[in-house]
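Right, one structure below, let's go through it.
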Amino acid sequence: MRLCRFNDDRLGVVIEDHVFDVSDILDTLPQYRYPLPRFDPFIARLDELTPQIHARARNAKALPLSNIQILFPVANSGKIIAAPVNYQKHLIEARADPGIHHAIQIAEIQKVGLFLKATSSLVGPSHGVILRHPERRNDHEIELAVVIGKKADRASETEALNLVAGYCIGLDMTMRGSEERSLRKSLDTFTVLGPWMVTADEFAKHLPAQLTLRVNGEVRQSASTADLIMSIPQLIAYASKFYTLFPGDILLTGTPEGVGPVHAGDVLIASIGHIGSMTVEVRAEENCK
Ligand code: MN
C-alpha cells in the first residue's frame, strides 16, 4: 500500500497515477489534548487501520496525482535520525573533496555514529527546497528513508525490520561547511520526504533498491542500497541503543557517492526502485516571500 498526505493535510492511498482520499480514517484516531504525544498517532495505529483504509479507498473518488500538492508522508515525526557516510564510495569522495570535508576528518559510520535533524526541516516534494544561504555550497543527498512503525528500545537486528512501517524517498539536503552536521542539515526545507510511504509488507521484497538522483535531467547519484556499509537492520538496532524509537520516527540511511551542489532554479528528480520518483524544485528565498 502507498500512503500519501496531500493538499490541506488530506490522507490518500496511491494506486498507479491516482490518489484515493481516505482522510475520514483520521477521525477514528484518539483525540489528544495538551501535552501532545511525541509520536505519530496515525502510524502507531496503521496495522489495525489497514483493512478500513483499503475499504474506504475502494469507495473514494479518484484524483489524478498530477493535480495535487504532495506533502511529506508522516505528519508528526518525533525525530529524524540520519546516518553519515554510510556508502564506501561516498566516504572516499568526501575524504577527497575539501568542499565536502572542510578540513574535518571524515571517519567511518562505526566511529561517528548517527546524528539528528530537526523535524522543522521537513517538507514534501511539492514544497521544494529553499536556499537560505545561497552563497554557501548546498548539496543534494538522496537516501532511502525508513519510517519506524513501533516503539522500540535496544532492538535486535533480527527483529529490526519488523519495526518498520514503511519506506519513502528522502533528500538530506546539506549546507557544506565547518559547522556541526545537525546545524548544516536542519535548515528549513532541508529534509524532503515523499512522494508517499510504501508500506513495509509491500516494499521489503524489493530490497535492495536502486537510488537515482537527477539534477536538470543529468544523473548525479546512482547506487544500490546493497552497498550500504551499515545495513537497515544494523542502523535500527544501533539507533535504538541510544534513542527509544517511536512510531513515525524517520531514519535516513545515508547517501551514496555523487553528491554535488544545487542552485536556485534546479529541478531534482529523486527515484528509488519500487517507490517511484519525486520532483523537487530548488528556489531562492527571495522568490518565496
Ligand atoms: Mn545524508
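Quick notes on this structure:
- Any hit, segment 93-105, residues being among the basic types (Lys, Arg), over 21 Å from the mean Cα position of the chain (by Cα) and either modelled with pLDDT under 95 or surrounded by 19 or more Cβ atoms within 10 Å (Cβ to Cβ) (or both): yes
- Filtered residues of segment 248-289 (kept if among the small types (Gly, Ala, Ser) and in a strand (DSSP E or B)): GLY260, ALA270, SER271, GLY276, SER277, ALA284
- Failed item in (1) within 16 Å of the ligand (Cβ to nearest atom); (2) over 12 Å from the mean Cα position of the chain (by Cα); (3) of a type in the set (Ser, Thr, Tyr), with SER178 passing the rest: (1)
- Answer from SER186, SER120 - the residue that is buried (at least 19 other Cβ atoms within 10 Å of the Cβ), outside any strand (DSSP E or B) and among the hydroxyl-bearing types (Ser, Thr, Tyr): SER186
- Number of the condition not met by GLY149 [criteria: (1) in contact (Cβ under 8 Å) with a residue 60 or more places away in the chain; (2) in contact with a helix residue (DSSP H, G or I) (Cβ under 7 Å, 6 or more places away or on another chain); (3) within 16 Å of the ligand (Cβ to nearest atom); (4) over 29 Å from GLU281 (Cβ atoms)]: (3)
- Flag if LEU114 is among the hydrophobic types (A, V, I, L, M, F, W, C) and in contact with a helix residue (DSSP H, G or I) (Cβ under 7 Å, 6 or more places away or on another chain): yes
- From ILE272, ILE229, residue being more than 25 Å from ILE43 (Cα to Cα), within 16 Å of the ligand (Cβ to nearest atom) and modelled with pLDDT of 95 or more: ILE229
- Filter result for the condition that a residue is within 18 Å of MET197 (Cβ to Cβ) and β-branched (Val, Ile, Thr), over ILE148, ILE130, ILE100: ILE148
- Any hit, segment 197-209, residues being within 16 Å of the ligand (Cβ to nearest atom), surrounded by fewer than 18 Cβ atoms within 10 Å (Cβ to Cβ), touching a residue at least 12 places away in the same chain (Cβ under 8 Å) and in a helix (DSSP H, G or I): no
- Of the residues examined, SER156 is not one that is modelled with pLDDT of 95 or more, within 15 Å of the ligand (Cβ to nearest atom) and of a type in the set (Ser, Thr, Tyr).
- Any hit, segment 215-231, residues being of a type in the set (Val, Ile, Thr), within 21 Å of LEU91 (Cβ to Cβ) and over 19 Å from the mean Cα position of the chain (by Cα): yes
- In segment 67-89, of all residues being within 21 Å of CYS168 (Cα to Cα) and outside any loop (DSSP other than H, G, I, E, B), the one that is farthest from the ligand (Cβ to nearest atom) corresponds to ASN67.
The values are calculated or read from the model by the stated rules, or taken from the named source; none is laboratory data. All values derive from a computational prediction rather than experimental measurement. FYI the Cβ positions are ideal-geometry reconstructions off the backbone, even for glycines, and counts take in every protein chain you see.
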